[in-house]
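**Student:** Structure provided below as structure tokens; questions to follow.
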Amino acid sequence: MASLKELRNRIASVKATQKITKAMQMVAAAKLRRAQEAAEAARPYSQRMDKVLANIAASMDAQEDAPALMVGTGKDDVQLLIVATAERGLCGGFNSSIARKARDFARDLQAKGKTVKILCIGKKGYDALRMEFGAIIIDRIDIREIKNMAFHDADKIGKKVLGLFEEGAFDVATLFYSEFQSVISQIPQAQQIIPPLIESGEDVADVIFYDYEPDESEILDELLPQNVSVQLFRALLENGASEQGARMSAMDNATRNAGEMIDDLTISYNRQRQAQITKELIEIISGAEAL
């Protein structure tokens with residue numbers, strides 16, 4: 001059984017930890033609002049770009065000169081997995097859920113005989129995957145210095161991915177991130193971005209065809225590379241909101257658990273102190289009666 005001094009030290013330690021988790025919860029709550037607004041603001045642009053690409057793709061369906069970024073290389077032997085996670089932990093299962101989805105996806109591809117390459121954005125995804133897939137991780141992009149994610153930050157990553165595609169390093173690229181739903185709900189996503197899986201949501205017969213100036217090929221030459229950066233930007237913004245929401249929830253649980261632990265330790269301390277006082281009183285009374 002722990003001594004009174006040990007119990008006092010432990011109570012003080014847990015109280016100090018509770019102050020830290022409470023402060024981290026408040027910081028995450030303050031950051032969450034801005035991160036959520038940024039993620040929600042990026043969704044309409046991303047969705048509208050999907051619709052524009054769907055319309056152009058439908059009009060070029062029978063053309064043989066469609067860009068490789070839209071139709072792919074004609075094979076799917078080499079797969080690039082872009083795993084976007086956070087640089088820091090203490091955010092519940094946010095990082096592990098993305099890494100788990102990417103790990104399962106990679107295992108499934110390898111079981112089918114595909115060649116898998118992994119590009120990690122963020123430290124935690126790299127740490128989670130390097131034990132099993134260290135040999136196929138081609139790069140890790142550090143985003144620790146980026147406080148507020150901007151489009152030019154995502155564009156740098158997009159250009160790196162496009163450069164790999166132009167070199168013939170992969171056939172298909174899939175992006176892994178977590179979509180923000182609420183403080184307690186972040187959904188891991190796997191989105192194919194090269195070639196994009198374009199869904200118009202309408203039957204081809206119902207799609208309105210437009211005459212483009214310049215022609216479709218010239219528009220796609222500009223739009224498709226930009227789409228890669230846009231999808232990466234949206235994913236990183238979704239991750240930012242999901243990370244803060246998950247951290248806020250995790251630190252709230254940690255703060256409440258610390259409070260419960262303090263209560264239990266305080267009860268143990270009071271019981272042991274009472275037992276010690278009672279023992280001393282018995283010794284005093286017994287000594288007085290002996291005289």
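The values are calculated or read from the model by the stated rules, or taken from the named source; none is laboratory data. In this text, all values refer to a predicted model and were calculated from it rather than measured experimentally. All Cβ positions, glycine included, derive from the backbone under ideal geometry; neighbour counts span all protein chains shown. Ligands, DNA and RNA are stripped out before the accessible areas are found, and what is left, the full protein with its side chains, is counted by its heavy atoms. Shrake-Rupley method; radii C 1.70, N 1.55, O 1.52, S 1.80 Å.
Residues are listed down the side, and each one gets a yes or a no for (1) out of contact with any strand residue (DSSP E or B) (no Cβ under 7 Å at 6 or more places or on another chain); (2) at pLDDT 90 or above:
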position: Ile157; (1), (2): no, yes
position: Lys160; (1), (2): yes, yes
position: Gly163; (1), (2): yes, yes
position: Glu167; (1), (2): yes, yes
position: Gln181; (1), (2): no, yes
position: Ile187; (1), (2): no, yes
position: Ala190; (1), (2): no, yes
position: Ile193; (1), (2): no, yes
position: Ser200; (1), (2): yes, no
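**Student:** Give the number of residues within region 45-89 that are open to solvent by less than 20 Å² (accessible area, probe 1.4 Å), of a type in the set (Val, Ile, Thr) and at pLDDT below 90.
**Tutor:** 1
**Student:** Taking the residues in region 220-273 that are acidic (Asp, Glu) and closer than 30 Å to Leu81 by Cα as candidates, determine which candidate is most open to solvent (accessible area, probe 1.4 Å). Even if it seems obvious, please write down each step before you answer.
**Tutor:** Of the residues in region 220-273, the ones acidic (Asp, Glu) are 221-222, 238, 243, 252, 260, 263-264.
Pick out the ones that are also closer than 30 Å to Leu81 by Cα and you get 221-222, 238, 243.
Numbers: Asp221: 95, Glu222: 135, Glu238: 0, Glu243: 30 Å².
If we take residues in region 220-273 being acidic (Asp, Glu) and closer than 30 Å to Leu81 by Cα, then Glu222 is most open to solvent (accessible area, probe 1.4 Å).
**Student:** Additional query: So if I check each of Ala190, Ala173, Ala169, which one is of a type in the set (A, V, I, L, M) and either assigned to a helix (DSSP H, G or I) or closer than 20 Å to Gln226 by Cβ (or both)?
**Tutor:** None of the others qualify; the one that does is Ala173.
**Student:** Okay, next question. Which of the residues spanning region 9-28 are surrounded by fewer than 14 Cβ atoms within 10 Å (Cβ to Cβ) and touching a residue at least 60 places away in the same chain (Cβ under 8 Å)?
**Tutor:** none
**Student:** Within region 110-140, how many residues are touching a strand residue (DSSP E or B) at 6+ places or on another chain (Cβ under 7 Å) and under 18 Å from Gly89 (Cβ atoms)?
**Tutor:** So the answer is 8.
**Student:** Sticking with this structure for a sec: Could you say whether any residue in region 90-112 is part of a strand (DSSP E or B), surrounded by 15 or more Cβ atoms within 10 Å (Cβ to Cβ) and out of contact with any Ser or Thr (no Cβ under 8 Å at 6 or more places or on another chain)?
**Tutor:** Filtering region 90-112 for residues part of a strand (DSSP E or B) gives none.
There is no residue in region 90-112 that is part of a strand (DSSP E or B), surrounded by 15 or more Cβ atoms within 10 Å (Cβ to Cβ) and out of contact with any Ser or Thr (no Cβ under 8 Å at 6 or more places or on another chain).
**Student:** Can you name the residue in region 113-132 that is open to solvent by less than 10 Å² (accessible area, probe 1.4 Å) and outside any strand (DSSP E or B) and, of all such residues, is nearest to Gln231 (Cα to Cα)?
**Tutor:** Gly122
**Student:** In addition: Scan Asp155, Asp171 and give me the residue that is open to solvent by less than 30 Å² (accessible area, probe 1.4 Å) and among the charged types (D, E, K, R).
**Tutor:** On inspection, the qualifying residue turns out to be Asp171.
**Student:** Examine region 238-256 for a residue that is in contact with a Cys (Cβ under 7 Å, 6 or more places away or on another chain) and under 30 Å from Glu6 (Cα atoms), and state whether such a residue exists.
**Tutor:** Quick first cut of region 238-256, residues in contact with a Cys (Cβ under 7 Å, 6 or more places away or on another chain) only: 243, 246-247, 250.
Still in the list and also under 30 Å from Glu6 (Cα atoms): 250.
Checked against the condition, which is being in contact with a Cys (Cβ under 7 Å, 6 or more places away or on another chain) and under 30 Å from Glu6 (Cα atoms), region 238-256 yields at least one hit.
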